[in-house]
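The structure appears right after this line, and notes come after that.
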Amino acid sequence: MQFFNKTAPIGIFDSGIGGLTVAKRIISMLPNENIIYFGDTARVPYGSKSNTTVIEYAIQDAQFLINKNVKLIIVACNTASSVALESLQKKYDIPVIGMIEPGAKLALDKTKNRRIGVIGTYSTINNKAYSEQLKELDSEITVFEKACPLFVPIAEEGWLDHEATKLVAKEYLQDFIDADVDTLILGCTHYPLLSEIIQNIMGEKVTLIDSGFAASHQVEDYLKGRGVRNDSVQIGTHHFYVSDLPDKFKSMAERFLGSEVKHIEKIDVETLITH
Ligand code: DGL
């Protein structure tokens, strides 16, 4: 396994803005790390595309970060983690960390009645990414899964406390209440933004799992374990790249992160394809 120097940035990519929920976790957990974030805003959503297309896009996104000399890649997108993680790990020498395994492990850690629910995009659910991972780790576990595609545009619209969101959430989540799950994996980058509404509907006894949070711990352990944490006393720099609509990204990112986004650049999809 090849490592770059400690001050090399951590690379994070997502299909768009959703991965900022993961970036936020990394920034608060590892404030001294430099970060390069790529959001493929020109080709979002990934969650309704074929596996072949998502793998192709994910390799291009990761290659963009590799060209920036990152020391580790976080696949913040659950859809890309579901279908492309293995291809990325085979292709690159540096560590590539996805959302599925950390999220599944945390869920298994929290459940008491061994009944776990999973919500995600069509792709994540149809590929059974979480259920297979959960069953691999614990063959006795009972898993209930459902795609909740409307949560993505709702979160992007900023309807985090809207009546329409409550109605949609009730419709999606009733099956999990009926199934008596005590743990629910938020298997999509955007869903942690709706966690208040989801928690209210599921009730206080149900533990919500934010895979980005779980993955951030894995990243921290990884860097610590190999002695490649950035030990600079300076706060890290955060550079954001998108493939379309940088102004829209900037305002949403500032809302998500709760701080000013200074460095943002648009890159052409063409350059991703040819590199
Ligand atoms: N980032 C995606 C995920 O976590 C959601 C948005 C999309 O479909 O691209 O699955």
**Item:** 16 Å cut-off, amide nitrogen to a point 7 angstrom out along residue 139 Cα→Cβ, residues in the stretch 85-106
**Value:** none
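Within the chain, what is the longest stretch that has no GluC sites (Glu not before Pro) placed in a DSSP loop and near at most 16 other beta-carbon atoms within 10 Å?
Values: sites that count: 140, 204, 260.
Formally, the longest exposed-site-free interval is 1-139.
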**Asked** What distance in nm separates the simple spin-label points at residue 90 and residue 126, each placed 7 Å from Cα in the Cβ direction?
**Response** 2.2 nm
**Item:** Calculated FRET value between residue 175 and residue 239, using beta carbons and R₀ = 41 Å, to 0.05
**Value:** 0.50
**Prompt:** Between residue 204 and residue 167, what is the spin-label point distance in nm, taking each point 7 Å from the Cα along the Cα→C-beta axis?
**Reply:** 2.9 nm
**Asked** Which residue, chosen from 184, 200, 212, occupies the Cα position most advanced towards the positive end of the dipole of the stretch 171-275, where the dipole is computed from +1 (Lys, Arg) and -1 (Asp, Glu) charges on Cβ about the Cα centre?
**Response** 212
**Item:** trypsin sites (Lys or Arg not before Pro) within the stretch 108-193, DSSP loop, no more than 12 other Cβ atoms inside 10 Å
**Value:** 112
**Message:** Quick check on the chain: helices-only [θ] at 222 nm, where DSSP H runs of length 4 and up contribute -39,500 (n - 2.57) each and the sum goes over total residues. Nearest 500, please.
**Reply:** -14000 deg cm²/dmol
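Shape of the stretch 155-248 from its Cα gyration tensor (a ≥ b ≥ c, root eigenvalues): rounded if a/c is under 1.5, otherwise prolate when a/b > b/c, or oblate? Walk me through the numbers before you get to the answer.
Details: a/c = 3.27, a/b = 1.55, b/c = 2.10.
Oblate shape, in that a/c is at least 1.5 and b/c is the bigger or equal ratio.
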**Prompt:** Hey, rough spin-label estimate for residue 28 and residue 53, points 7 angstrom out along Cα→Cβ, what's it come to in nanometres?
**Reply:** 3.4 nm
**Prompt:** Given +1 on the Cβ of Lys and Arg, -1 on the Cβ of Asp and Glu, and no further charges, what dipole in debye does the chain carry about its Cα centre, rounded to the nearest 20?
**Reply:** 560 debye
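The numbers here are math on the coordinates, done by the rules we state, and not lab data. Computed from a predicted model, the values in this text were never measured in an experiment. Note: ideal-geometry Cβ built from the backbone for every residue, glycine included; neighbour counts use all protein chains shown.
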